[in-house]
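A.B. asks: Here it is, the structure, as structure tokens.
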Amino acid sequence: MDSSDKVLITVRIIKSFEYRTCRNMVIPVDIKTTTIDQLKQQCQDLINSDSKFKPFRTVKFDALKIYTQAFGNKTQNLIINLEDAGFLEDGDAILQDVGIISETELSLFNREAYDAFKKNPAIKW
């Protein structure tokens, strides 16, 4: 695989929805061969190895969702797209097959925390 097969995607690592605690991770991936589970593992490895993600190591990241795509509409919520569509739940699916393209923004988060925030989307300071 040469570098022309890779595209850049941004993964928003979300620790807290209420406090809008997140950090972006820009990752070059081959969308033609990488699966959703491989991407999640790559993100988890970076969280565990990079010191800037140390505060995020206490969260169990188990859900991945499309936040926005290049030239697409952005949500009004600054932390996550609250629409029901966009969950990437099939771990064996290839990124290209689920609609991931260059400059796609994804959100990686804890599904329980997301469900609780969706029921009561209050922002705390």
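A.B. asks: Out of the residues in region 57-113 that are closer than 15 Å to SER16 by Cα and open to solvent by 40 Å² or more (accessible area, probe 1.4 Å), which is modelled with the lowest pLDDT?
C.D. replies: The extreme case among them is LEU78.
A.B. asks: Residue pairs, Cβ under 7 Å, 6 or more apart or interchain, first in region 25-37 and touching a residue at least 60 places away in the same chain (Cβ under 8 Å), second surrounded by fewer than 13 Cβ atoms within 10 Å (Cβ to Cβ) and of a type in the set (D, E, K, R). List them.
C.D. replies: LYS32/ASP5; THR35/ASP92; ILE36/ASP90
A.B. asks: Kindly establish whether THR35 is crowded, with 16+ Cβ neighbours inside 10 Å and over 11 Å from the mean Cα position of the chain (by Cα). Working first, answer last.
C.D. replies: Working: crowded, with 16+ Cβ neighbours inside 10 Å: yes; over 11 Å from the mean Cα position of the chain (by Cα): yes.
Taking the combined requirement at face value, the residue satisfies it.
A.B. asks: While we're here: Note down all Cβ pairs under 7 Å where the first residue falls in region 89-107 and is without any contact (Cβ under 8 Å) to a residue 12 or more places away in the chain, the second is outside any helix (DSSP H, G or I), and they're at least six residues apart or on different chains.
C.D. replies: Short answer, once both residue conditions are applied: none.
A.B. asks: Does PRO28 satisfy being more than 17 Å from ILE14 (Cα to Cα), open to solvent by 40 Å² or more (accessible area, probe 1.4 Å), at pLDDT 90 or above and not polar (S, T, N, Q)?
C.D. replies: So PRO28 passes the test.
The values are calculated or read from the model by the stated rules, or taken from the named source; none is laboratory data. This is a predicted model, so every value here is computed, not measured. Because the Cβ atoms are built from the backbone with ideal geometry, glycine has one as well, and the counts that use them run over all protein chains shown. The accessibility values were calculated without ligands, DNA or RNA, using every heavy atom of the protein model including side chains. Shrake-Rupley method; radii C 1.70, N 1.55, O 1.52, S 1.80 Å.
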